[in-house]
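Participant: The structure's right below; bear with me while I get my questions together.
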Amino acid sequence: MRQPTITDYSLLVFLAIIWASAFFNIKLATDSFGPITIAFIRVLLGSLPLIIFCFYKNIKIEVFSKDWPWFAVIGFVNLVFPFFLIAYGIKNVQSNLAAILMSTSPLTSTLLAHFFIKNEKINLLKVIGVSIGFSGIVYLFSDNFLINENNLFSALCILIGALGYVVGGILTLKISNKKNENVTASILIWATIILLPICFYFEKPWNYNPSLTSVISITYLGIIATGLAWVLRFKVLKDNGLVFQSQVAYLIPIFGVVLGYIFLDELITFKVLVALIAIVIGIYFVKKSTSSKKILSQKNI
């Protein structure tokens, strides 16, 4: 794998900004759309860049192959479930809070990987990282300005949504022999198929009278923050590998807080900053453990 260049780091930062921008755009979309509709339009529009990309790269999309049950289950767990919960929860909390809560995914995945993934056992550095990160979350929940009895359930929904990403990622290992582009396109298509009847039955989106801001936000969520972001992720993975790409986890909550302040004038409390720092440090220790393990493995080859 070649050494990362300034262009590679710039692309990584750009990817982090795109993913972080999803949170305030979800918040804006909730002004006009219900959470199911937001999830549906997001996966529908998000699938388009992936389908075009696979067609351009001559990658076969196996959405209806013999492995379709796996694609459908992963599409539900990794997309339908979290996209709905995030859109449902973020209506009643600041988008910067959602960005911080969602950044717990690398920490949660460390715990679940210990039980479900071979050779991913927990160690001292991981314990330190997870402990620091989740201590920040616990401290954040004591911020009565951001989280109170009126929106506690909403905040918990976002945390559970983050768990859906992790479980979906673990399930994806069941079909790890397939190209990432094929898997991503397939699960997006299945998520669209699953959400279509649910959206039409429960929210009847044709009855909405959305504002221009909400329409722009939901379109951005689908095409840019979902579809294009995944295409960029594939490029980063191909050029620099998973360890380099995983550094985006440090940047997303930081940019999420900054963008929420810029576009929505959201308050950044002292406890937000403490929790943010704790989570970034926690992720650092978890990633440090993974990087050290890879270096030791390479020395033993």
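Just so it is clear, none of the values below were taken in a lab; they were calculated from the coordinates. Quantities reported herein were computed from a predicted structural model and do not represent experimental measurements. Note that we place each Cβ from the backbone using ideal geometry, even for glycine, and neighbour counts take in every protein chain shown.
Participant: Ratio of alpha-carbon Rg to the 2.2 N^0.38 Å globular estimate for the stretch 71-222, to two decimals, please. If you can, show how the numbers build up before the last one.
Facilitator: Working: Rg = 17.5 Å, N = 152, 2.2 N^0.38 = 14.8 Å.
Dividing the Cα radius of gyration by 2.2 N^0.38 Å gives 1.18.
Participant: Hey, another quick one. Have a look at 138, 93, 258 and tell me which one the Gaussian network model of the chain (Cα, springs below 10 Å) gives the largest fluctuation.
Facilitator: Result: 138 has the largest fluctuation of those listed.
Participant: Here's another thing I want to ask about it. Please give the Cα centre distance for the stretch 221-265 versus the stretch 1-35, rounded to the nearest Å.
Facilitator: Taking the Cα centre of the stretch 1-35 as reference, the centre of the stretch 221-265 is 4 Å away.
Participant: Lys and Arg at +1, Asp and Glu at -1: add these up for the other residues within a Cβ distance under 12 Å of residue 185 and post the number.
Facilitator: On the way: positive: 57, 60, 178, 179; negative: 62, 181.
Cβ neighbours under 12 Å give a net charge of +2.
Participant: Quick one: give the max-minus-min coordinate of the C-alpha atoms of the stretch 156-234 along each principal axis, largest first, in Å.
Facilitator: Extents along the principal axes, in whole Å: 44, 26, 26.
Participant: Per-residue HN-Hα couplings for the stretch 19-27, Karplus 6.51 cos²θ - 1.76 cosθ + 1.60 at θ = phi - 60°, whole Hz, x for Gly and Pro?
Facilitator: 5, 5, 5, 4, 5, 6, 6, 4, 4
Participant: To the nearest 20 Debye, how big is the dipole of the stretch 151-301 about its Cα centre, given +1 on the beta carbon of each Lys and Arg and -1 on that of each Asp and Glu?
Facilitator: Values: 13 positive and 5 negative charges, 172 e Å.
Roughly 820 debye for the stretch 151-301.
Participant: Cut-off under 14 Å on the C-alpha distance; same-chain residues fewer than 8 positions from residue 178 excluded. Which aspartates and glutamates are left, in chain and number order?
Facilitator: Cross-link targets: 62, 67.
Participant: Let me ask you something else. Given the peptides 169-177, 76-84, arrange them by the average over their residues of other C-beta atoms within 10 Å, most packed first.
Facilitator: On the way: 169-177: 14.0, 76-84: 23.7.
Per-residue mean Cβ counts within 10 Å order the peptides as 76-84, 169-177.
Participant: At q = 0.13, 0.21, 0.25 Å⁻¹, what is the base-10 log of I(q)/I(0) for the stretch 1-96 according to the Debye formula with one equal point scatterer per Cα and no solvent? Please give it to two decimals.
Facilitator: Each listed q maps to, in turn, -0.65, -1.12, -1.22.
Participant: Per-residue ellipticity at 222 nm for the chain, helices alone: DSSP H runs ≥ 4 residues times -39500 (n - 2.57), over residue total, nearest 500 deg cm²/dmol?
Facilitator: Dividing the helical sum by the residues of the chain leaves -24000 deg cm²/dmol.
Participant: Using Cα centres only, tell me the gap between the stretch 133-164 and the stretch 184-219 in whole Å.
Facilitator: 26
Participant: Another one. Only Lys, Arg, Asp and Glu count, each charged at its Cβ (+1, +1, -1, -1), so figure out the dipole size of the chain about its Cα centre, rounded to 20 debye. Intermediate results must be reported in sequence, preceding the final value.
Facilitator: Values: 23 positive and 12 negative charges, 248 e Å.
Roughly 1200 debye, rounded to the nearest 20.
Participant: Follow-up. Based on the alpha-carbon gyration tensor of the chain and its eigenvalue square roots a ≥ b ≥ c, which shape applies: rounded if a/c is under 1.5, prolate if not and a/b is larger than b/c, or oblate?
Facilitator: Working: a/c = 1.57, a/b = 1.08, b/c = 1.45.
Note, shape of the chain comes out oblate.
Participant: Next question, about the same structure. May I ask which residue of 45, 114, 30 lies farthest towards the positive end of the charge dipole of the stretch 6-299, with charges of +1 (Lys, Arg) and -1 (Asp, Glu) on Cβ and the Cα centre as origin?
Facilitator: 114
Participant: Based on the mean of other Cβ atoms within 10 Å per residue, sort peptides 151-162, 184-195, 235-246 so the most packed one is first.
Facilitator: Details: 151-162: 18.4, 184-195: 24.8, 235-246: 15.7.
Order by mean packing, descending: 184-195, 151-162, 235-246.
Participant: Run the numbers on the stretch 6-299 and let me know its relative contact order in percent, using alpha-carbon pairs under 8 Å that are six or more apart. Provide the component values of the computation, followed by the final result.
Facilitator: Working: 436 pairs, mean separation 124.0, N = 294.
With pairs under 8 Å counted, the relative contact order is 42 percent.
Participant: If you plug each phi of the stretch 116-129 into the Karplus form 6.51 cos²θ - 1.76 cosθ + 1.60 with θ = phi - 60°, what whole-Hz ³J(HN,Hα) values come out, in order, with x for Gly and Pro?
Facilitator: Working through the residues one at a time gives 10, 10, 5, 6, 10, 6, 6, 9, 4, 4, 5, 4, 4, x Hz.
Participant: Go through 60/235; 179/287; 91/118; 60/91 and tell me which ones have a Cα-Cα distance over 28 Å in this structure.
Facilitator: Numbers: 60/235 18 Å; 179/287 24 Å; 91/118 38 Å; 60/91 38 Å.
Listed pairs above 28 Å: 91/118; 60/91.
Participant: Right, here's the next one. If all Cα-Cα distances of the stretch 90-156 are sorted into 10 Å bins from 0 onward, what percent lands in each bin, rounded to whole numbers?
Facilitator: 19, 43, 26, 12, 0
Participant: Of the listed peptides 114-122, 270-278, what is their order by residue-averaged count of other C-beta atoms within 10 Å, with the highest listed first? The partial results should precede the final answer.
Facilitator: Working: 114-122: 11.9, 270-278: 18.0.
My ranking of the peptides, most packed first, is 270-278, 114-122.
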